[in-house]
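The next block holds one structure in the form of structure tokens; read it before the comments.
Where a number appears in this text, it was derived from the coordinates with a stated rule and is not lab data. The shown structure was predicted, so the numbers you read here are calculated from the model rather than taken from an experiment. Every residue, glycine among them, receives a Cβ derived from its backbone with ideal geometry; neighbour counts consider all protein chains shown.
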Amino acid sequence: MTIDAGTGVDTITGTTGDDTIVISSGDTGITIATADTIADFVTGSTSVDLDSALNSYEEVDGTGLANTVAAVVGALTLAGAAAVDGGIVYNIAGSGNSVLFVDEDGDGAASAGDTVVILLGVATAADVAGADFI
Ligand SMILES: [Ca+2]
Ligand SMILES: [Ca+2]
């Protein structure tokens, strides 16, 4: 089913079937405190509709990071590369969770309208794929 993230801070849980989660610019914040969380992301089954804002991304293993705040900074750094739209840090501090940062306006900095999404259970690079983001 299609689920609209909407404005405000949300934890989104899909159905047992395939889901499309629509997150438009401004639906989620640019900090951990204001970010939306997808509770049951499954690559190949959960599609995240970012209005084609994420065409390419870099990803790194966040095992060695101290916490989720550090992971957001790391994901932003990845997203700031000119060649990509976003960054994913997976397995933050060994937690088995990930953060996605989409630099919506391409300015290489965290700015209003950019997108941060916490992906629970995304623990390895294989747990997320470019095709999951539409
Ligand atoms: Ca939201
Ligand atoms: Ca930005």
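Quick notes on this one:
- Looking only at the range 1-29, and only at residues there that are of a type in the set (A, V, I, L, M) and within 12 Å of ligand 1 (Cβ to nearest atom), the one that is farthest from the chain's Cα centre (by Cα): Ile3
- Taking the criterion of being exposed (fewer than 13 other Cβ atoms within 10 Å of the Cβ) and either away from ligand 1 (no atom under 16 Å from the Cβ) or among the β-branched types (Val, Ile, Thr) (or both), the residues of the range 107-121 that qualify are Asp107, Ala109, Ser111.
- Residue satisfying condition, being out of contact with any Pro (no Cβ under 9 Å at 6 or more places or on another chain) and either surrounded by fewer than 18 Cβ atoms within 10 Å (Cβ to Cβ) or not in a strand (DSSP E or B) (or both), within set Leu100, Leu54: Leu54
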